[in-house]
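The values are calculated or read from the model by the stated rules, or taken from the named source; none is laboratory data. This is a predicted model, so every value here is computed, not measured. Note that each Cβ is placed from the backbone with ideal geometry, even for glycine, and that neighbours are counted across all protein chains shown. Just the protein is used for accessible areas: all its heavy atoms, side chains included, with ligands, DNA and RNA removed. Shrake-Rupley method; radii C 1.70, N 1.55, O 1.52, S 1.80 Å.
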Amino acid sequence: MNEPRIVIVGAGPAGVRAAEVLAAAGLRPVLVDENQRAGGQIYRQPPAGFVRSAKQLYGFESSKADALHRTFNKLRSHIDYLPETLVWNCAGRQLDLLGHGRYQSLPYSLPYSHLILCTGAIDRVLPFPGWLLPGVYTLGAAQVALKAQGCVIGSRIVLVGSGPLLYLLAYQYAKAGASIAAVLDTSSFSGKLRATFDLLKQPLTLAKGLYFFAWLRCHGVKVVEGVEKIAVSGEQKVKAISWHQNGREQTLECDAVASGFGLRSETQLADLAGCAFEFSQLNQQWLPQRDLAGRSSVKGVYLAGDGGGIAGADAAELAGKRAALALLEDLGKTIDLREGRRLDRALQRMQGFRRGLERAFPAPVAWARECADEEIICRCEEISAGELRRAVNHAGTLEMNRLKALTRVGMGRCQGRVCSAAAAEILACSAGKSLAEIGRLRGQPPIKPFPVAVGVALSPARETS
């Protein structure tokens, strides 16, 4: 390639800001996104013709959402934009795509010289009794329903888990007129108190979180902290949820539950691109190695936003700009070094706040020990916690890919995106090892489900090659 072929994956805050910097430098990047419209998850835009205002959709973040959307609209004539396009593989410095109208279109490949991965995050799923019942969603899915379609997941809803999204979503649902029966937080008040010093490093963000909490309480929403042993009951659909607090069991009728225990970075494309990984104690996850500017271990591959480590939308915008500057510098172009240093300092400050969030909203430490043997962990392959434990106790399994080979956990349609966090917790607990010691599932294409017809279309080409 005589000219750089720059591809950005993901049109959220990181991807849009990266494209902005590159376009300003006279380059024309390709921006690939699964969604119909730019914005990512946090600033997700509804379909055309949707009538709710930005204030109703994004609340306190409406001005940031508007700014990002306006930036993207100005960029449209300066970039090649591929919406509704799934990137399902990365190999040989090219991306395998499935484009608009994916059930009719055949897959095709997009080569790149430089790649910026802005792949975002997914809910950390920790199964509990009843989690497979109709009416149980993740927090992220419940938020998509509200933003993209203007609908809620039930008429009497319970939100359960940990992390800032728990309270944000409860506030958004309540403001939209939904009936929130309860917010059940597995983290404790004392843990949040201990994290105050780090959380004060971003006082405005902390103030918004406190506002959500206070608003819910003032409007009669039941908020319970320090909950344990969550269980959803019902036959064909959700009927009630129960939990323990301070050793006492409580039950509440409801018809929908949304759960999430923090977020996990989407790292599959970085894995397939050949990036080296390291275990992050902060994120409790294996993440691609990167420097502060976003450079990975692979020349020409950069990471920005939550796909390289959870830090939030504000940090994602800064990281997208910083990765683009690093790319320009690597191309030998003159960049504003002072701007690069400013972004570096801002991103470093945000890491302190991120540490505070992990202290305030940790994943339930006793989950893996208390999870019943009969609980399904991998819903695609219907693998239970007991099967995973037997692979450890009887076969001496001490590594995630060995566990996958013996049990098929992570071999289903989600390729481990949903079940791998829970499976890793079970393995580590059963083996008496840390999450760092048991390793990680290796990425395999396709990283997300696609139609069987696509696989059929690919087969002749694969056989020929």
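Screening Glu382 on (1) under 30 Å from His114 (Cα atoms); (2) surrounded by fewer than 16 Cβ atoms within 10 Å (Cβ to Cβ) shows it passes everything except condition (1).
Summed over the stretch 13-39, residues that are in a loop (DSSP other than H, G, I, E, B), closer than 28 Å to Gln143 by Cα and open to solvent by less than 10 Å² (accessible area, probe 1.4 Å) total 2. Scanning the stretch 145-180 for residues being assigned to a strand (DSSP E or B) and open to solvent by less than 10 Å² (accessible area, probe 1.4 Å) gives a total of 6. Scanning the stretch 387-411 for residues that are open to solvent by 10 Å² or more (accessible area, probe 1.4 Å) and touching a strand residue (DSSP E or B) at 6+ places or on another chain (Cβ under 7 Å), we see that the one that is nearest to Asp123 (Cα to Cα) is Arg408. Look at the stretch 250-270: where a residue is among the aromatic types (Phe, Trp, Tyr) and a partner is open to solvent by less than 40 Å² (accessible area, probe 1.4 Å), sitting 6+ places away or on another chain with Cβ atoms under 6 Å, you get Phe261/Arg124; Phe261/Leu126; Phe261/Gly161; Phe261/Ser162; Phe261/Ala363. Evaluating Arg369 against the criteria (1) out of contact with any helix residue (DSSP H, G or I) (no Cβ under 8 Å at 6 or more places or on another chain); (2) part of a helix (DSSP H, G or I); (3) open to solvent by 30 Å² or more (accessible area, probe 1.4 Å); (4) within 23 Å of Ser233 (Cα to Cα) leaves one unmet condition, (1).
For the stretch 106-116, the criterion of being among the small types (Gly, Ala, Ser), part of a helix (DSSP H, G or I) and surrounded by fewer than 18 Cβ atoms within 10 Å (Cβ to Cβ) is met by no residue.
Beta carbons closer than 6 Å, at least 6 apart along the sequence or on distinct chains, pair a first residue in the stretch 43-63 that is closer than 24 Å to Asp306 by Cα with a second that is open to solvent by 50 Å² or more (accessible area, probe 1.4 Å) for Gln45/Arg37; Ala54/Asp66; Ser62/Lys55.
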